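The values are calculated or read from the model by the stated rules, or taken from the named source; none is laboratory data. Just so we're clear, the structure is a prediction, and the values are computed from it rather than from any experiment. All Cβ positions, even for glycine, are placed from backbone atoms using ideal geometry, and neighbour counts span all protein chains on display.
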Amino acid sequence: MRTEHIIDQIEKYCNKIIGKLHKTKKRQESVLGDALIMAASVVFLGWFSMKERKLIRSEMADYLQKTTAGAIKCSPKWTEKGGHLNSKLFR
C-alpha cells in the first residue's frame, strides 16, 4: 500500500516536470523574436503613446515572422489583439 502511494506520487511529479519541459521548449522557440521586440521597445519606443507602441510591436512581430520565413518566431501574445505582452508594458 505504501509502495503504491510512493509510486503514484513519483508518477504525478514526473508528469508535472514533463509538462514544464514542454512549456519551456514551446517558449524557447520564440525567445529571439521576443527579445528583439523588447530591446526595440526599450530603446526606440519611449517617445510614442501606448496605442502607437502596441501597433508598432505588432507590426514588428509580423515583419520578423514574414521576412525571415518564420525563422524568427515571436510569441503570439505580441500580435493578439489585447495580448498581455503588448498591453502591460510601459505603464
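Residues that are among the basic types (Lys, Arg), loosely packed, with under 13 Cβ neighbours inside 10 Å and at pLDDT below 90: does the range 3-18 have at least one? No, the range 3-18 has no match at all. Condition (residue is among the basic types (Lys, Arg), out of contact with any Leu (no Cβ under 9 Å at 6 or more places or on another chain) and at pLDDT 85 or above) applied to the range 31-53: is it met by at least one residue? Yes, the range 31-53 contains a residue that is among the basic types (Lys, Arg), out of contact with any Leu (no Cβ under 9 Å at 6 or more places or on another chain) and at pLDDT 85 or above.
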